[in-house]
Amino acid sequence: MAKQRFGTSIALTDDERDAFLRTRPICRVATVGPDGRPHVSALWFVWDGSALWLNSLVRSKRWADLAADPRCSVIVDEGGTDFMALCGVELQGSVETVGEAPRRGEPVDQLVTPEKLFADKYAGGGEFHYDGRHGWLRLLPETVVSWDFAKLRQRPLTPPPTS
């Protein structure tokens, strides 16, 4: 995963990023359609510390776009009207389908952890429920950029250099 080059003073640490991604409920996934136009959609997800797992309807524009071109950008953020409350993570890379699509519950070792994380996050624990309409996409990010504007309050203001 590439290291963040700009905005490092407001970047989340690895631990902060992991905690942020584990607790936020919704991401927005940007894909590229066959006509070259971007498509952005909201989706539930889980983060396992190294991969972002997207549980997507297989009969969706998002799935069709990613089947044709697996490159995507995903953003998880929060904030509002207070500039200093803006915080987020952008992950870029290519997705791959893991398991059968749609998912019906065939044993897949790679899906044990994301399905447990998903059930814990969105269903209060217990078993992951297969509906025969969703499939798993795994994003191993190539680039991750993060920001927490609250960190601007922690930096002392220094005057600009004089000549």
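For this structure, a couple of remarks:
- Most to least accessible of 53, 147 (protein chains only, probe 1.4 Å): 147, 53
- Per residue, the accessible area of the chain comes to 59 Å² when a 1.4 Å probe rolls over the protein heavy atoms.
- Gyration tensor (alpha-carbon) shape descriptor, the range 63-128, a/c threshold 1.5: oblate
- Rounded to whole numbers, the Karplus 3J(HN,Hα) couplings from phi for the range 117-125 are 4, 5, 4, 5, 6, 10, 10, x, x Hz, using 6.51 cos²θ - 1.76 cosθ + 1.60 with θ = phi - 60°, and x at Gly and Pro.
- For residue 69, the accessible area of its heavy atoms, probed at 1.4 Å with every protein chain present, is near 30 square angstrom.
- When 77, 65 are compared by accessible area of protein heavy atoms, the largest-first order is 77, 65, using a 1.4 Å probe.
- Mean separation of Cα contacts under 8 Å (6+ apart) over length of the range 1-132, as relative contact order %: 19 percent
- DSSP beta bridge pairing in the range 1-78, given as percent antiparallel to the nearest 5: 100 percent
- Cα gyration tensor, the range 40-84 - rounded (a/c under 1.5), prolate or oblate: prolate
- Note that the range 100-108 has calculated 3J(HN,Hα) couplings of 6, 9, x, 7, 10, x, 4, x, 9 Hz, one per residue in order, obtained from phi through the Karplus relation 6.51 cos²θ - 1.76 cosθ + 1.60 (θ = phi - 60°); glycine and proline are x.
- Across the range 50-65, computed HN-Hα scalar couplings (Karplus, 6.51 cos²θ - 1.76 cosθ + 1.60, θ = phi - 60°) run 9, 9, 9, 10, 10, 9, 10, 4, 7, 9, 9, 4, 4, 5, 4, 4 Hz from first to last residue, x flagging Gly and Pro.
- Of the GluC sites (Glu not before Pro) found in the range 39-143, those in coil by DSSP whose Cβ has at most 16 other Cβ atoms within 10 Å are 100, 127, 142.
- For the chain, the longest principal axis of the alpha carbon atoms and the long axis of helix 14-23 meet at an angle near 50°.
- Using just its DSSP H runs of length 4 or more, each adding -39500 (n - 2.57), the chain gives a mean residue ellipticity at 222 nm of -5500 deg cm²/dmol after division by all residues.
- Note on the chain: with neighbouring protein chains present and a 1.4 Å probe, carbon and sulfur make up 54 percent of its accessible heavy-atom surface.
The values are calculated or read from the model by the stated rules, or taken from the named source; none is laboratory data. None of these values were measured; they are calculated from a predicted model. Quick reminder, even Gly has a Cβ in these numbers, built from the backbone with ideal geometry, and neighbours come from all protein chains shown. For accessibility, only protein heavy atoms count, side chains too; no ligands or nucleic acids. Shrake-Rupley method; radii C 1.70, N 1.55, O 1.52, S 1.80 Å.
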